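The values are calculated or read from the model by the stated rules, or taken from the named source; none is laboratory data. Everything numeric in this text was worked out from a predicted model, so none of it was measured. Using ideal geometry, Cβ is built from the backbone for each residue, glycine included, and neighbour counts are taken over all protein chains shown.
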Amino acid sequence: MKPFSTNGCTGFPDGTLNHPELWRHCCILHDLAFWAGGCERDRDRADLDLRDCVSNVAGAPLGFVLYVGVRIGSWSPIKIKSERWNHGWQDGRAEHTPLSAQDVETISRALLDAPPSGVSPDALDAFLARLRSLARNQGDGGRNCSAMHSEIRP
């Protein structure tokens, strides 16, 4: 697994002039989701969670703007390799591969060995707990791949 890294809200401000990192934690959680990967519904949920998180701290209009931006970016044929869904894996896996219990433990070890800055310990714990819950429900080979990032709030 590649080490997690983030640049905050790629190509967008992390906050306002008076509060320059107001919604940065929302973008970092979104980056964590992109790094870890999972199935397509997980990616959709990660984008919705970004929208909701930014809406909670800066208002619904701005949350919507960020959401539209990441969705448009997902349709672009030009991708920044280091920021694609599932980019934390070095094994060449398919883009929307459901996470296994072993994958989640690999992710957990990587994040516990080098916790990301800008994310509260509670938010990181919630992220990892949700991944573990998802992996327990993946015995169907991913056919019922449930949303992995709902209920995660910084």
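Among the residues of the stretch 26-47, none qualifies, meaning not one is outside any helix (DSSP H, G or I), more than 16 Å from the chain's Cα centre (by Cα) and either charged (D, E, K, R) or on the phi > 0 side of the Ramachandran plot (or both). For the stretch 9-24, filtering for residues that are under 26 Å from VAL104 (Cα atoms) and either at pLDDT below 95 or of a type in the set (Gly, Ala, Ser) (or both) leaves 2.
Condition check ((1) loosely packed, with under 13 Cβ neighbours inside 10 Å; (2) touching a residue at least 12 places away in the same chain (Cβ under 8 Å)) across all residues:
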| site | (1), (2) |
| --- | --- |
| ASP44 | no, yes |
| ASP47 | no, yes |
| VAL65 | no, no |
| VAL68 | yes, no |
| ILE78 | yes, no |
| ARG84 | no, yes |
| GLY88 | no, yes |
| HIS96 | no, yes |
| VAL119 | no, yes |
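When GLY142 is tested against the conditions (1) exposed (fewer than 11 other Cβ atoms within 10 Å of the Cβ); (2) at pLDDT below 85, the lone failure is (1).
Scanning the stretch 77-86 turns up no residue that is under 18 Å from ALA129 (Cβ atoms), in a loop (DSSP other than H, G, I, E, B) and of a type in the set (S, T, N, Q).
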